[in-house]
């Protein structure tokens, strides 16, 4: 009887697939940047990249690769050597208003503010940030410098939600004049773009803050600027019936949002400009594609972006010609807003007198024309890649990539 039981147990063990974990196990990222891939191969497509201390659960492991799921819901394959099994425990918050964030960095949304003396369950001790559970305030990341393994006397103040935990609702993309709105991997205007979505796209808000929302859309999880999301569904609009143009040699008309002419280029991309074709002009499309059309105009052959061509004659343009005076489109007035200085190397950013790196710094603005990371400025205008900012009564120009 005992031999038969042992034999049965051996058969059951052999039926368990090799390399498959019996239950999801919590781990943390143990490298500066961990690539998540579509397949268990270094040549496979990269789905995302996660920083040190980001927590994940391992679903299965085999041949140096693990299939994992991160705390923001993203799944994929990572190299097992770059993750480390989580250690748990208890800790106490050492300072009032300690931020508990959606990710292991100060760039992420603060879900709650924890009071001194609040006890938390550490689900993963990290190198710089730890992943904790704060009971009714949920789970998130807290910087290790504000955690103590020894009991800390409470300050008497209350821990509170930061307004970012009020997610789990539907919203719609409102692009406010932009063609599409970017979904990024982190709440930072320089973070990699996951995808772009047009007005009317329905999303699910997971976490909300004053500047960035964490959302899910089309199976993607990422961050979108709060100002481009609206809780009210857009009013339905009539969808025009569009017939596909013939493959080649058909007439189309040049259009633009500002009523001006459009460049015809030597190639399908950032090639040199051959000529500027006036608004409403008729051209012959020699080859149609999703982004660039090959066209003929004025005896010349070149390329124009497909979005500037339509099959019907634009309103106000007489048959066979262009309008004598194109009707200008009203340009929305720039609305100033506040932003903070950021920098990939953590150093300050120069403020120039003009939108040109070669010009001198604005003396008396910040530290001799240099603003430190985290400084809040008022953006009063945008010129190409530059933003005109105001700080303590002085104005100057910084590159837009250094504003969050």
Discussion item. Exactly one of these conditions fails for residue 147: (1) within 17 Å of residue 26 (Cβ to Cβ); (2) modelled with pLDDT of 95 or more. Give me its number.
Written reply: (1)
Item to complete: Say whether the condition of being part of a strand (DSSP E or B), at pLDDT below 85 and on the phi > 0 side of the Ramachandran plot is met by at least one residue in the stretch 360-367.
Response: yes
Item to complete: Counting only residues that are touching a strand residue (DSSP E or B) at 6+ places or on another chain (Cβ under 8 Å), surrounded by fewer than 18 Cβ atoms within 10 Å (Cβ to Cβ) and without any contact (Cβ under 8 Å) to a residue 40 or more places away in the chain, give me the strands (runs of 3 or more DSSP E) lying completely in the stretch 90-194 with at least 1 of them.
Response: 119-124, 129-133
Worksheet entry | Qualifying residue in the stretch 292-304 (condition: under 28 Å from the mean Cα position of the chain (by Cα) and either in a strand (DSSP E or B) or at pLDDT below 85 (or both)) | yes
Worksheet item: Which of the residues that make up the stretch 1-38 are assigned to a loop (DSSP other than H, G, I, E, B), at pLDDT 50 or above and either surrounded by 11 or more Cβ atoms within 10 Å (Cβ to Cβ) or touching a helix residue (DSSP H, G or I) at 6+ places or on another chain (Cβ under 8 Å) (or both)?
Response: 30, 31, 38
Item to complete: Count, please, the residues in the stretch 53-89 that happen to be in a loop (DSSP other than H, G, I, E, B), surrounded by 19 or more Cβ atoms within 10 Å (Cβ to Cβ) and under 23 Å from the mean Cα position of the chain (by Cα).
Response: 5
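The values are calculated or read from the model by the stated rules, or taken from the named source; none is laboratory data. None of these values were measured; they are calculated from a predicted model. Glycine gets a Cβ as well: all are built from the backbone with ideal geometry, and neighbour counts include every protein chain shown.
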